[in-house]
Amino acid sequence: MSLKPELFEGCRFDFNKGVNQKFSLTHSVFMGSVEVPSQGPQTLKIPASSYEFGAILVDGPLLMVGKILTDGRLTGRVKYDLTPETSVKLQTQLTREEGYSQGMLDIDTHGTDWQAQLKVGSGGFFGCNYIQSVTPTLSLGGEAFWLSQQRKSGVGFAARHAGEVGVFTAQVASTGLLSCTYAHRVSDKVTLASDFLLNWNSREANASVGYDYTLRNCRLRGRVDSNGGIAAYLEERLTMGVNLILSAEVDHGKKDYRFGFGLTVGE
């Protein structure tokens, strides 16, 4: 999470209200700008605003989350635990634009030292993955996917080593991606992390380092990447149920500066 904070630009207000122990409502208002691709080297920014209404239902083994935006996008997620070891998840997104609606069905199961997943999605997507603990600190796994409409497939292999204070992961895929991550817990309040991503098809690589610092009433996260980008994300509890959010991202090379201010009210 220190390498991928929820950065945003503009103003954001989130309100969460619990109706009862099983049902709650969420409201989110955003006013700022969004980036659109352009033919030039710089990305264009256009003003944008949106309102999002959501509902969450938690009833024993059932979890349902739904959100609708003012532009007509509707997203939903349903999770049901068939047994303590097996669960089914359904994720959908419906839009007014043709070809952008999609869905994904996941079946997850796990044992004492292994975990497996089967995925079926729109557009003819089929995937599966499996990870197994080899030793108390080392886990090995693999994944495969098939896109029938595009006639594309790929396989990948991953490794994870968890020590007393650090966790290292590595993943390589036939799509041309190689990624490595390392997280080091300095203390109960400070965690450092780094990652490296290589795409040998495009001959591009980037790396970043980040930090996660937890204080009594706030949490500060940030990162610095090899492209010259600097980002910081602050969450501070003003009072019980009210949090202040500050977001900043600076890229001197692209002359791109993004700053955001937010407020979260409710549980």
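Observations on the structure shown:
- Reference-scaled alpha-carbon Rg (2.2 N^0.38 Å with N residues) for segment 131-187: 1.41
- Net length gained if the chain between L69 and S148 were fully extended (0.36 nm per residue, minus Cα distance): 25.3 nm
- Percentage relative contact order, the chain, counting C-alpha pairs under 8 Å, at least six apart: 14
- Length gained when the stretch S33-S226 is fully extended (0.36 nm per residue, less Cα-Cα span): 66.9 nm
- Segment 121-179 and segment 1-79 have Cα centres separated by 28 Å.
- Net dipole in debye of segment 10-265 [+1 Lys, Arg Cβ; -1 Asp, Glu Cβ; about Cα centre; nearest 20]: 340
- Electrostatic dipole magnitude of segment 89-231 [Cβ: Lys, Arg +1; Asp, Glu -1; Cα centre; debye, to 20]: 220
- Cβ-based charge dipole, the chain, positive-most Cα from T95, N16, G60: T95
- FRET E, pair S49, H252, Förster distance 35 Å, beta-carbon r, rounded to 0.05: 0.80
- Shape metrics for the chain, restricted to C-alpha atoms - Rg then Dmax, Å: 20.8, 54
- Ranked T95, T83, criterion: other C-beta atoms within 10 Å, fewest first: T83, T95
- Within a Gaussian network of the chain (alpha carbon springs, distance under 10 Å), most fluctuating of Q171, Q102, Q149: Q149
- Between F126 and S101, full extension at 0.36 nm per residue minus the direct alpha carbon distance yields a gain of 7.3 nm.
- Selected from G266, I131, H161, residue furthest toward positive end of dipole (the chain; charges at beta carbon): G266
- If you bin all the Cα-Cα distances of segment 85-214 at 10 Å, starting from zero, the percentages per bin are 11, 28, 34, 24, 4.
- Anisotropy class of segment 18-146 from Cα gyration tensor, a/c 1.5 cut: oblate
We did not get these values from a lab; they are worked out from the coordinates using the rules stated. Just so you know, these numbers come straight off a predicted model, no measurement behind them. Neighbour counts run over all protein chains shown; Cβ positions are idealised from the backbone, glycine included.
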